[in-house]
Amino acid sequence: MSGLFITLEGGDGVGKSTQAELLERWLTARERTVLRTREPGGTDVGEQIREIVLHHRGDIAPRAEALLYAADRAHHIATKVRPALEAGSVVVQDRYIDSSVAYQGAGRVLSGDTIRDLSLWAVDGLLPDLTVLLDLDEASARQRLDAAEKRFDRLEAEKQEFHARVRAAYLELAASDARFLVVDAARAPEEIAAEIRGRVEQLLD
Ligand code: TYD
């Protein structure tokens, strides 16, 4: 494949979409074709799955939830992301396999390895060239979400303790894999963007 696959990860409220937008703008200015996309969602089928996983009232059995995210991912990668990478685009994607490992794993019912294997099967092994982990403590992330007065979806409404486990899971993943760039998300957006650009520039050269 000739494109570049970049994913953004982190807890809710860490500023992933702001960074995705800044990165897209910078890449476009450098005359790269960019596909900016997200999971869950990103396709028609995916938007329907997104509605179920984020807004369904009541519990979803953990294995069913893991399969829903994996189904969304399978369709998204097969129909949008792989074709874009094959055409040489830079894909800037909000959330991917690491979200499943961190969030569904933090539910403590399924192991991180099981979830990772399920997702990898779903996408036929496609891993990102770079994963940017925006790291922020749970209390600051919560303050940002409160300030934005967003309607909380199922996962955002989870207890602070759950979000602490999600953060720890992300940091553990990042520590064991060179595809990660961990950035301190407490800084100004432009400072964070510059750090991300530095790494992307190396990959483009
Ligand atoms: P996101 O799109 O970042 O939320 P928003 O658009 O509201 O900012 O993510 C939605 C939620 O989905 C988020 O709380 C994390 C969760 N999620 C998982 O639990 N597993 C997954 O595999 C993915 C992709 C997301």
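The values are calculated or read from the model by the stated rules, or taken from the named source; none is laboratory data. For clarity, every value in this text was computed on a predicted model and none was experimentally measured. Backbone-built Cβ (ideal geometry, glycine too); neighbour counts: all protein chains shown. All accessible areas refer to the heavy atoms of the entire protein, side chains included, with ligands and DNA or RNA removed. Shrake-Rupley method; radii C 1.70, N 1.55, O 1.52, S 1.80 Å.
Would you kindly calculate the mean projected area, averaged across all directions, of the convex hull enclosing the Cα atoms of the range 60-176, in square nanometres?
Values: hull surface 31.7 nm².
Hull-based average projected area comes out at 7.9 nm².
With a 1.4 Å probe and all protein chains left in place, how much accessible area per residue does the chain have, in Å²?
Ligands and nucleic acids excluded, the result is 49 Å² per residue.
Around Y69, under 10 Å between beta carbons, what's the net of Lys plus Arg minus Asp minus Glu among the other residues?
Here the count lands on 0.
Run the simple label-point estimate for R199 and T28 please: 7 Å along Cα→C-beta, distance reported in nm.
For R199 paired with T28, the spin-label model returns 2.3 nm.
Which parts of the range 155-169 would a label at A139 reach, counting a residue when its backbone N lies under 15 Å from a point 7 Å out along Cα-to-Cβ?
Only 160-161, 164 pass the distance filter.
Return the whole-Å distance between the Cα centroid of the range 53-73 and the Cα centroid of the range 109-127.
Using only Cα atoms to place each centre, the spacing works out to 15 Å.
Roughly how big is the range 4-204's charge dipole about its Cα centre, with Cβ charges of +1 (Lys, Arg) and -1 (Asp, Glu), in debye to the nearest 20?
Details: 27 positive and 35 negative charges, 41 e Å.
Dipole about the Cα centre, nearest 20: 200 debye.
Given contacts defined as C-alpha pairs under 8 Å and at least six residues apart, what's the relative contact order of the chain, whole-number percent? Present the calculation step by step, with values, prior to reporting the outcome.
Numbers: 309 pairs, mean separation 66.3, N = 205.
The normalised contact order for the chain reaches 32 percent.
Count the net charge of all other residues whose Cβ sits under 13 Å from the Cβ of R199, scoring Lys and Arg as +1 and Asp and Glu as -1. Walk me through the numbers before you get to the answer.
On the way: positive: R179, R197; negative: D129, E195, E201, D205.
Local net charge: -2.
Ignoring ligands, DNA and RNA, please state the percent of accessible area on the chain from carbon and sulfur, probe 1.4 Å.
Working: 4940 of 10100 Å².
Carbon and sulfur: 49 percent of the exposed surface of the chain.
Which longest run of the chain has no exposed loop site in it, a site being trypsin sites (Lys or Arg not before Pro) in a DSSP loop with at most 11 other beta carbons within 10 Å, and the site itself not part of the run?
Details: sites that count: R57, R108, R151, K159.
Looking at the chain, 1-56 is the longest stretch - no exposed trypsin sites (Lys or Arg not before Pro) with at most 11 other Cβ atoms within 10 Å.
Roughly how many nanometres apart are two label points built 7 Å out from the Cα toward the Cβ at E21 and W121?
3.9 nm
Using a 1.4 Å probe, how large is the accessible area of T43, given in Å² and rounded to the nearest 10?
About 20 Å², ignoring ligands and nucleic acids.
Given the rule -39500 (n - 2.57) for each run of at least 4 DSSP H residues, summed and divided by the residues of the chain, what is its mean residue ellipticity at 222 nm, to the nearest 500 deg cm²/dmol?
On the way: 9 runs with 110 residues, N = 205.
Taking each H run of at least 4 residues, the total per residue is -16500 deg cm²/dmol.
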